[in-house]
1. With the chain treated as a Gaussian network of Cα nodes joined by springs under 10 Å, which of GLY95, GLY59, GLY48 yields the largest mean-square fluctuation?
2. Specify the inter-centroid distance of region 70-106 and region 11-57, based on alpha-carbon positions, in whole Å.
3. Per 10 Å bin, what percent of the C-alpha pairs of the chain does each bin hold, from zero upward?
4. With all protein chains present, how much of the accessible area of the chain (probe radius 1.4 Å) comes from carbon and sulfur, to the nearest whole percent?
5. Could you size up the charge dipole of region 3-112 around its Cα centre, putting +1 on the beta carbon of Lys and Arg and -1 on that of Asp and Glu, and report it in debye to the nearest 20?
6. Quick one: Karplus J couplings for region 51-64, per residue in order, coefficients 6.51, -1.76, 1.60, θ = phi - 60°, nearest Hz, x for Gly and Pro?
7. Using the heavy atoms of the protein chains alone and a 1.4 angstrom probe, what is the accessible area of the chain per residue in square angstrom?
8. Can you list the HN-Hα couplings for region 16-23, worked out from phi with the Karplus curve (6.51, -1.76, 1.60; θ = phi - 60°), rounded to whole Hz and with x for Gly and Pro?
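The values are calculated or read from the model by the stated rules, or taken from the named source; none is laboratory data. These figures come from a predicted structure and were not determined experimentally. Here the Cβ is made from the backbone with ideal geometry for all residues, glycine too, and neighbour counts use every protein chain on show. Note: accessible area is taken over every heavy atom of the protein model, side chains too, but ligands, DNA and RNA are not part of it. Shrake-Rupley method; radii C 1.70, N 1.55, O 1.52, S 1.80 Å.
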Amino acid sequence: MKTPSKEPESSSMTHEEEEEMLCDISKLQEQVQQVSLAQKATKSKMDGLRKDAEAKMDGLKKGVEAKTDCLKKGVKAKMDGMEAKMNGMDAKIDGMDDKMEEMKINMNKLLQ
């Protein structure tokens, strides 16, 4: 079923009103373009800030990892050093035990 076509209604606007409306439309288009450009600039700034923040976080992460590794190595070196000292002390104690045993034997010989 076809709808009957209507003839365009004649505009009740004057020429000045039409020009004013076109001027308003033009201003709105310009404002939309300005908002669009501002949004693009804001997005670009946000992308730059995000990249800067990510780079700083990566740098901090690498710095923390490096310091952690350094601390681990330092602790391990100190533990190794302490272990070596403990082994040395064990050897000295063993030597002292041997001397004590020798002294006991000599004392027993003197007493007999």
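1. GLY95
2. The two parts, judged by their Cα centres, are 79 Å apart.
3. Answer for the chain: a P(r) of 10, 11, 10, 10, 10, 9, 8, 7, 6, 5, 5, 4, 3, 2, 1 percent.
4. Numbers: 6900 of 11330 Å².
After summing per-atom areas, the C and S share lands at 61 percent.
5. Result for region 3-112 is approximately 1580 debye, rounded to the nearest 20.
6. Result, rounded to whole Hz: 5, 4, 5, 4, 5, 5, 5, 4, x, 5, 4, 5, x, 5.
7. Numbers: 11330 Å² over 112 residues.
Roughly 101 Å² per residue, with all protein chains present.
8. Computed from phi, the couplings for region 16-23 are 5, 5, 4, 5, 5, 5, 4, 5 Hz.
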